[in-house]
Amino acid sequence: MTRPHTVLRSCLMALTLSACATTPRPKDDAPADPVEAPAETPTETPAEAPTTPPAEVRAETQVTGSVTYRERIALTPDAVVQVEVVESTQGGGSEAVVGEQTLQSPGQVPIRFSVSVPSERIRPDATYVVRARISDAGRVYTTPTPVPVLTQGHASQDVQVRVRVGG
């Protein structure tokens, strides 16, 4: 007879505790849809619209692809890959790195990369190339021929960069 009383007591305690539980309710004064909330500031006409984006919004172009090599040598966990996007000038003059990525312990080839280049640094009349370098266990793999990207009809996505020992 004590068993039914224990079960009954447990059920009553569960009901009491569930009655005390609170659930969050939405505020009555908040608008149901934030899109429908009235605008706080007047809208600008197209003539008043700012011509440059705010400083915190920086447009960037991504150069993506992979680095490979033909040698049948596995990379160690200590390997380091450096990928640069460089603005080069005609005639072998000065070069400027406009974006770079360094990968520690990249795994095995193909090694995926994604280099951000500030859009304001890209000039349509300039030439841009990707160079890569892998340093591993005393070996250095470099790009023998840089790969053109970004301008003059060259791709900036899925770029294949081949390196070789000693470049």
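Yes/no per residue for (1) part of a strand (DSSP E or B); (2) of a type in the set (Ser, Thr, Tyr); (3) touching a Phe, Trp or Tyr at 6+ places or on another chain (Cβ under 8 Å):
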{"residue": "Ala74", "(1), (2), (3)": "no, no, no"}
{"residue": "Pro77", "(1), (2), (3)": "no, no, no"}
{"residue": "Glu84", "(1), (2), (3)": "yes, no, no"}
{"residue": "Glu87", "(1), (2), (3)": "yes, no, yes"}
{"residue": "Val97", "(1), (2), (3)": "yes, no, no"}
{"residue": "Glu100", "(1), (2), (3)": "yes, no, no"}
{"residue": "Leu103", "(1), (2), (3)": "yes, no, yes"}
{"residue": "Gly107", "(1), (2), (3)": "no, no, no"}
{"residue": "Arg112", "(1), (2), (3)": "yes, no, no"}
Is there a residue in segment 95-105 that is open to solvent by less than 70 Å² (accessible area, probe 1.4 Å) and touching a Gly at 6+ places or on another chain (Cβ under 7 Å)? no
Residue hits (segment 121-167; loosely packed, with under 12 Cβ neighbours inside 10 Å, within 14 Å of Thr61 (Cα to Cα) and either of a type in the set (Asp, Glu) or touching a Phe, Trp or Tyr at 6+ places or on another chain (Cβ under 9 Å) (or both)) are Asp158
*Using the structure shown, decide if Pro124 is part of a loop (DSSP other than H, G, I, E, B) and closer than 30 Å to Leu75 by Cα.*
no
Review point. In this structure, is Ala96 closer than 18 Å to Glu60 by Cβ, touching a helix residue (DSSP H, G or I) at 6+ places or on another chain (Cβ under 9 Å) and small (Gly, Ala, Ser)?
Key: yes
Within segment 116-167, residues touching a Gly at 6+ places or on another chain (Cβ under 6 Å) and over 23 Å from Arg70 (Cβ atoms) come out as Ser116, Val117
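The values are calculated or read from the model by the stated rules, or taken from the named source; none is laboratory data. The model shown is predicted, which means the values in this text are computed figures rather than measured ones. With ideal geometry, Cβ positions are generated from the backbone for all residues, glycine too; neighbour counts draw on all protein chains shown. The protein model used for the area step is the full one, side chains on, heavy atoms only, and it has no ligands, DNA or RNA in it. Shrake-Rupley method; radii C 1.70, N 1.55, O 1.52, S 1.80 Å.
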